[in-house]
Amino acid sequence: MNQNLFSPYEGFNKGNLFRDLYDPYKKYVPKNLEPKTEQEQYLLNLAQLQFAAHELNLYLDVHPEDEAMIRLFNEYREESNKALMEYERRYGPITITSDILKVVPWAWTSINFPWEDKNV
């Protein structure tokens with residue numbers, strides 16, 4: 001891994017994938033995210049991979065010839081796509097463009113998102 005980059009986990013928590021661009025706010029220390037369920041863990045992993053791919057996408061807009069970053073971007077992009085497919089296979093669609101929405105009854109109305117509290 002590029003030594004100038006945080007892992008997707010750490011970058012997601014800090015809001016910046018690039019070590020030399022990260023500037024903490026005063027004495028703020030980011031909290032570690034602790035999923036309570038397997039579904040939350042899958043969603044967090046997906047968010048971290050998508051964040052890392054997006055950060056590298058922005059970098060590549062300015063540095064389109066950086067082969068190492070292009071490879072890393074594609075690695076995170078592919079991992080993100082796999083994580084999205086696995087999440088949707090287990091828990092249902094998470095985006096309105098999902099192929100899982102081709103079924104009847106329409107799956108969008110029958111899924112439970114991790115942030116929905118069904119006990120309220």
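Coordinate-derived values only; no laboratory data. Predicted, not measured: the structure shown is a model, and the values here were computed from it. In this analysis, Cβ positions are derived from the backbone assuming ideal geometry, glycine residues included, and neighbour counts consider all displayed protein chains.
Taking the chain, how many lysine pairs are there with alpha carbons less than 25 Å apart, if each pair must be eight or more places apart or span two chains?
Total qualifying Lys-Lys pairs in the chain comes to 8.
Rounded to the nearest 10 degrees, what's the angle between the helix 38-62 long axis and the longest principal axis of the chain, both from Cα atoms, 0 to 90?
Compared with the principal axis, the helix lies near 40 degrees.
Scan around Leu5 for amide H atoms under 5 Å from its own, H built in the peptide plane at 1.01 Å from N, and keep only partners 5 or more places away or cross-chain.
Excluding prolines and chain starts, which carry no amide H, the hits are Arg19.
Give the angle, between 0 and 90 degrees and rounded to the nearest 10, that separates the Cα long axis of helix 67-91 from the longest principal axis of the Cα atoms of the chain.
20 degrees
In what order do Tyr9, Tyr59, Tyr22 fall by count of nearby beta-carbon atoms within 10 Å, going from fewest to most?
Tyr22, Tyr9, Tyr59
Compute the relative contact order of segment 8-110 as a whole-number percentage, counting only Cα pairs closer than 8 Å that sit 6 or more residues apart in sequence.
Relative contact order here is 22 percent.
Once every Cα of segment 8-110 carries one equal point scatterer and solvent is ignored, give the base-10 log of I(q)/I(0) from the Debye formula at q = 0.13, 0.15, 0.23, 0.24 Å⁻¹, two decimals.
One equal scatterer on each Cα of segment 8-110 leads to -0.59, -0.75, -1.19, -1.23.
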